[in-house]
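The structure appears below as structure tokens.
The values are calculated or read from the model by the stated rules, or taken from the named source; none is laboratory data. Bear in mind the structure is a predicted one, so any value in this text is a computation, not a measurement. Note that we place each Cβ from the backbone using ideal geometry, even for glycine, and neighbour counts take in every protein chain shown. Accessible surface is based on the protein model in full, side chains and every heavy atom, while ligands, DNA and RNA are left aside. Shrake-Rupley method; radii C 1.70, N 1.55, O 1.52, S 1.80 Å.
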Amino acid sequence: MYIALYDENKTHITNVDNATYDLTTRVYDNDSFTAEGVCDVDINDAKIAVLCDDAGNYEYACFADEIKPEYNKRNVKGLDFKTLWDTEILLDYTPDGSFDGRLSKIFDKVAALVFDRTDAAIRKIPVEVIIPTDNTDTTETYGSYAGTYQIVNAYKFLKCYLKYYEYNISTRYDVAAGKIVFTFVKCNDAVAINLSDFIHELTTTSTATNKAVATVKYNVETPETDADGNIIYTDTQKTDDDGNPVCNDDGSPAYIPKYKPRPPTLATVYYYRDKDNNIVQSDAAGNIAGRLYPVKAKIFESEYLADAQFSAVNELANARYVDNIIIDNNITIDPLDFAAYRLYTKVALYYDGKLYKTLPISEKITTLDRGGKNTKIKLGFKKILLTEIIKG
């Protein structure tokens, strides 16, 4: 294995030979890459690191974030290309007809705002974004952003849609063309394993949010009015910050208005996460199949209902596929090679002949050292290592 290093002008600098490495690719969070190898060239302007096998075949690429020399050894620390999406954008849907709620159009809009800007440095290294056509109507879940604008982190905004509709962004570097390529991928691959084939520890948790409510924020100082639209006042006179009575311009006492209570008819949308990790929109009663118990709810409000809906769905999307299934990597009865399976491949876990859970591949952890190449697989999105299946 070797690592080919390129500068920001896409010019090849040198190679780091006899490389060993640790690579973790992730569905949503940034990948991590560290490596070490042999090189006798001082490297201080590398921007792209491309991992290749001994035959020169491409395996992985990322930014060269840091290269430390140690005699003729070089330690390389990478930075995921997805970091380019971690930037703020002005998402403006105020012009008439500018909002298109189809999923791929949402993706297109964000990509254009991130990469098609007047700042020349943004595309110093060319970027291609491949987005498949997906005409799914997102307004049924997220509402409409027509007539609104907001300043958002591009990737945080995208991640809510990616998680709900089960997409992820894959990355690669096209060496011949000298460009970074992002592809929006919806993985429908599936595989089944029997937990009885593994020495494992099996525990579950059910503390994650399973109900989310989105509603419009109410101004508690909305004045009560009579049938003719006139404001109704109380008998309490207004006072200034020093406690002195306040009068109108004509010298008459200025009274505090009577405020309307929060109406129960404010626009409200209810979402539920069921036992199969589906996110279902329903009414307040939530009479849907597979409801989780006990109920753990969160309420989100915003001036715009669509913003509250975005936050509510994001909360439930972050709670999907959170389980704790630990398989001992070193004592597997029937080791499987998952290296060929793509991120977000759904793994159906059977236990005693019955389907226990279906969890997606969220991380692939590849290590090459002097002992050989190992691949570990993490299933689910809990912040600890959930499931590891290894074949050396």
Excluding ligands and nucleic acids, what accessible area in Å² is computed for CYS187 using a 1.4 Å probe, to the nearest 10? 10 Å²
LYS105: which lysines have alpha carbons under 18 Å from its alpha carbon, excluding same-chain residues fewer than 8 sequence positions away? LYS156, LYS159, LYS163, LYS186
Determine, from the Cβ-Cβ distance of VAL220 and ALA289 and an R0 of 41 Å, the FRET efficiency 1/(1 + (r/R0)^6), rounded to the nearest 0.05. 0.60
Simple SL model, points at 7 angstrom along Cα→Cβ for ALA339 and LYS275; separation in nm is 3.9 nm
TYR304 and ASP92 label points (each 7 Å along its Cα→Cβ direction) are spaced in nm at 1.4 nm
Let's test the formula: R0 of 45 Å, r as the Cβ-Cβ distance of ALA267 and ALA192. What FRET efficiency results, to the nearest 0.05? 0.60
What are the lysines whose alpha-carbon lies under 26 Å from the alpha-carbon of LYS73, with same-chain residues fewer than 8 places away excluded? LYS10, LYS47, LYS373
Crossing angle, helix 154-165 versus the chain [Cα axis fit, 0-90 degrees, rounded to tens]: 90 degrees
Under 10 Å, Cα contacts only: if you run a Gaussian network model on the chain, which one of ILE151, ILE169, ILE288 comes out with the highest mean-square fluctuation? ILE151
Per residue, how big is the convex hull around the C-alpha atoms of the range 113-271? Give it to me in cubic angstrom, could you? 344 Å³
For the chain, what's the radius of gyration and Dmax over Cα atoms, in angstrom? 27.2, 91
Shape parameters for the range 204-250, alpha-carbon atoms, Rg then Dmax in Å: 21.2, 70
Can you tell me the Rg and the Dmax, both Å, for the Cα atoms in the range 258-326? 14.5, 60
Given the whole protein assembly as supplied and a 1.4 Å probe, what does the accessible area of SER282 come to in Å², nearest 10? 40 Å²
In nanometres, the difference between 0.36 nm per residue of separation and the alpha-carbon distance of ALA177 and ASN75 is 34.0 nm
The local net charge around ARG74, scoring Lys/Arg +1 and Asp/Glu -1 for residues other than ARG74 whose Cβ lies under 12 Å from its Cβ, equals -3
Between ARG102 and THR236, how many nm apart are label points set 7 Å from Cα along the C-beta direction? 5.5 nm
Using the beta-carbon distance between SER252 and ASP65 and R0 = 56 Å, what value does 1/(1 + (r/R0)^6) give for FRET efficiency, to the nearest 0.05? 0.20
